[in-house]
Amino acid sequence: MSVQQDGDRLEGLPRHQQLIVSIFGLYGRSNGGSIAVSGLIQLLGDLGAESAAVRSSVSRLKKRGVLTSTRPGGQAGYALVPALQEVFAEGDRRIFDPRRARVDEPWMLAAFTVPEAQRHLRHRIRTMFTKRGFGSVTPGLWIAPGWLFESTLAELEREQLASYVDFFSGAALGPVDLADKVAKWWDLPALSLLYEEFLQRWEPVRRRWRGRSGAGGELAREAFRDYLPLITQWRRLPYLDPGLPLAYLPEPWPGQAAADLFAELNDTLAPLAERHARGVLVPDAA
């Protein structure tokens, strides 16, 4: 299979397709990597999706190059395409183990030049940097915390764009107000709004789950109904936010509160939700 824009396959998806991608990210990379269509229908049915809508969404994800057909246990099923395995592995790190840069860590500068005959590639590179949380210093010069270098280079190599980009590591010299620069290079109000929306939606859910305990099937099903939308809304935020040092961000920065909220709900809901999902996808193991 030819190299495609792997990250772009997962952008701008309708809600049902986003939820299906989350299911594969959470539960579709074990037990052979396949999920039967019947299992997807049952799990999405827990969130009110009709079977026809699920089948249509799966078909569209296959056409988009996200899923490939399989036959788990002789049933019709799907698995993630092999080219996306590395993308999801990086997602695990950014979603569940987010990192915030320190003020004494180096910055990464990424400069790119594209021949006029291939100018369509400029948009692809800029889009990739934006989705990875880079700040824009100039149209051809982008900046991010240095720890993002390896994953950024890996994606550029997957998309055959690495030869157009040069990376440099450095620190600010002279009397530079980095908080002011960060506010110019990143759209902090837009990012802050995304965090505020997350907090508004999920704070009531945290209050509802605090102090609850048990391991019954209905409780696990309820946890799944909360957890799948939670992870689906959250998983894009650690990409848009590269973990800038708090010293350079407005105070209080809602990203910190949102990360704490996600971590608490993840600890509470993930084990119960997985129990429910495994009971559907691998009944004999329930």
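The values are calculated or read from the model by the stated rules, or taken from the named source; none is laboratory data. Quick caveat: nothing in here was measured; it's all calculated off a predicted structure. Note: ideal-geometry Cβ built from the backbone for every residue, glycine included; neighbour counts use all protein chains shown. The area values use the complete protein model at the heavy-atom level, side chains included, leaving out ligands, DNA and RNA. Shrake-Rupley method; radii C 1.70, N 1.55, O 1.52, S 1.80 Å.
Observations on the structure shown:
- Looking only at residues in the range 71-87 that are under 16 Å from Ser22 (Cβ atoms) and at pLDDT 90 or above, the one that is surrounded by the fewest Cβ atoms within 10 Å (Cβ to Cβ) is Ala79.
- Number of positions in the range 179-215 that are basic (Lys, Arg) and more than 28 Å from Arg132 (Cβ to Cβ): 5
- Search result, residues across the range 109-134 that are open to solvent by 70 Å² or more (accessible area, probe 1.4 Å) and over 12 Å from Thr152 (Cα atoms): Thr113, Glu116, Ala117, Arg119, His120, His123, Arg126
- Here Arg236 passes the criteria (1) under 21 Å from Gly91 (Cα atoms); (2) in contact (Cβ under 8 Å) with a residue 12 or more places away in the chain; (3) open to solvent by 70 Å² or more (accessible area, probe 1.4 Å); (4) of a type in the set (D, E, K, R) except the one numbered (2).
- Val176 being assigned to a loop (DSSP other than H, G, I, E, B) and open to solvent by 50 Å² or more (accessible area, probe 1.4 Å): yes
- Selection status of Arg64, of a type in the set (Lys, Arg) and in contact with a helix residue (DSSP H, G or I) (Cβ under 6 Å, 6 or more places away or on another chain): yes
- The combined condition, being at pLDDT 95 or above and out of contact with any Lys or Arg (no Cβ under 8 Å at 6 or more places or on another chain), is not fulfilled by Leu173.
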